[in-house]
Ligand SMILES: [Fe+2]
Ligand SMILES: [Fe+2]
């Protein structure tokens, strides 16, 4: 805890904002690439998985996670310039779930952007989601940063359009883990072409922040912690020296560095996934996670759900995790090794198994 407190003080000092010492059930991102007046924050909430039971009944725990995150976002000081919702608003993509989730998100007193998740998409291929939230992929510029939102959960047309007798079955097949009937996520050629044209208009010195639902890297295929055309998307981002990809979907802490791109996940408001054991299996790890990561403990029910502050003051991400049931952690970009690191964890003598705190 002491290490964390020091880091927290440093964070507040460096950020130069009156960030409350209390934690928030969402991600707060601060960016300042230019003059002091350009400094700004945004918040990120992800993976609410609002689940319809029957009538007006929804799974209460998932509702509570999102309600709490929205309430905390509304209390943030300084006020974030916008809120990003990272996908999987619904559990099975129904109108009831999307309407209920949208109603909760509408309580946000900030401009809100949304990313498409597979649980939002595979019932009606994003049709109703579009009515609520707009296009599936887009970009915008904000105070010197180019933000890109991709729909990274598409897959092969044959799987999407021809394989399943009903839309509901298609949704259920894509919702499962370790499902041999599933299909790997991808951004797809059409969207990659759009991204190529979009980035062609952006100066190479501009910091890029890309939001996706699945990681734009290949971590674990069985759970679709995977994007089939990740390398092709990464290649489009290569000319830009400062690129950060922020994604949801994995419901756990992940960070990685691939070339010029720093990857960070955001935690879910619904539930945590354990780390897949098969990370250790080389055939699933393309590329391997290049940075030794601290591990949240899958045996704690709520571990890897909680809050994270993301400070991008230097153009690089510093993640400040406040976990419900585990030691708080800071993961920051280390210019010496050029990768994000939990500095405490990099020193093996200081590695403390989470359960030792109980
Ligand atoms: Fe999810
Ligand atoms: Fe997902």
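FYI, it's all coordinate maths here, none of it is from the lab. Just so we're clear, the structure is a prediction, and the values are computed from it rather than from any experiment. Here the Cβ positions follow ideal geometry from the backbone for every residue, glycine too, while neighbour counts run over all protein chains shown.
Using C-alpha pairs under 8 Å with a sequence gap of at least 6, the mean separation divided by the residue count of segment 105-166 gives a relative contact order of 29 percent. Contact order for segment 185-244, expressed relative to its length and based on alpha carbon pairs under 8 Å spaced 6+ residues apart, stands at 45 percent. Here the simple spin-label model places points 7 Å from the Cα toward Cβ, and for residue 99 and residue 54 these points are separated by 1.8 nm. Scoring 183-191, 78-86 by mean Cβ neighbours within 10 Å over their residues and listing the highest first yields 78-86, 183-191.
Each peptide in 228-238, 263-273 gets a packing score, the mean of other Cβ atoms within 10 Å over its residues, and the list from highest to lowest is 263-273, 228-238. Descending by average beta-carbon neighbour count within 10 Å, the peptides 104-113, 122-131 line up as 122-131, 104-113, the highest first. The calculated FRET efficiency for residue 106 paired with residue 130, based on their beta-carbon distance and R0 = 22 Å, is about 0.85.
Remark: C-alpha extents of segment 49-162 on the principal axes read 48, 36, 19 Å, sorted largest to smallest.
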